[in-house]
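Report on the structure given below.
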Amino acid sequence: MTLADPFARLLSEIRADAGVIAIASTRVGPEAKTGWALGPDAYQPFVLLTTLGRSAPGKHCPTQEGRYLAKCYGATRQGARELAGAVSSAIHDKGFRTSSAGVRIFTSYDDGGDPGEDPQPPNGNGQPYETVIISVGSLTSLLP
């Protein structure tokens with residue numbers, strides 16, 4: 001049995017949110033594309049969404065909890081904080097919904113996060129970011 005994965009739905013909700021679009025345009029994805037992470041004089045906002053992990057299916061009911069990390073990069077620390085706020089607003093306490101692929105989500109919450117900064121060169125570019133940890137409750141199977 002393959003567990004239903006709400007990642008794609010969560011990613012599309014963040015991408016479609018007007019507040020996120022106003023700050024990061026279309027730069028939201030599971031990994032940075034060419035031209036997103038630029039040097040210190042050209043930082044631009046973008047969001048990277050990754051899966052932290054999922055719980056085992058419920059023993060007596062077909063549910064699971066997933067944890068996801070939205071790393072919200074900004075041109076400044078304040079910009080990263082504002083983008084994290086927009087991502088939080090896009091997913092926090094949105095309630096029951098079903099994706100076009102049949103994934104049923106019944107809860108999604110912002111579970112907190114922290115500010116940070118990418119390493120300095122040569123391994124990074126020193127860009128500030130703020131994380132948003134997202135908790136998602138969903139069914140383990142797709143709807144027919």
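Values quoted throughout were computed directly from the atomic coordinates according to the rules given, and no laboratory measurement underlies them. Since this is a predicted model, take the numbers as computed values, not measurements. FYI the Cβ positions are ideal-geometry reconstructions off the backbone, even for glycines, and counts take in every protein chain you see.
Summarising the strand pairing of the chain, around 95 percent of its internal DSSP beta bridges are antiparallel. The C-alpha atoms of the chain define a longest principal axis, and helix 77-91 lies at about 20 degrees to it.
Here the range 124-144 is scanned for amide nitrogen atoms under 18 Å from the site 7 Å beyond the Cα of Cys61 along Cα-to-Cβ, giving 135-143. Helix 7-16 and the longest principal axis of the Cα set of the chain meet at an angle near 50°.
Looking at the square roots a ≥ b ≥ c of the eigenvalues of the Cα gyration tensor of the range 10-62, which shape do they give, rounded for a/c under 1.5, prolate if a/b is larger than b/c, or oblate? Since a/c reaches 1.5 and a/b is larger than b/c, the shape of the range 10-62 is classed as prolate. Once you divide the Cα radius of gyration of the range 21-90 by 2.2 N^0.38 Å, the number left is 1.38. Comparing Lys94, Lys59, Lys71 in a Gaussian network model of the chain where C-alpha atoms under 10 Å apart are linked, the largest mean-square fluctuation is found at Lys59. The range 85-144 and the range 10-25 have their alpha-carbon centroids 12 Å apart.
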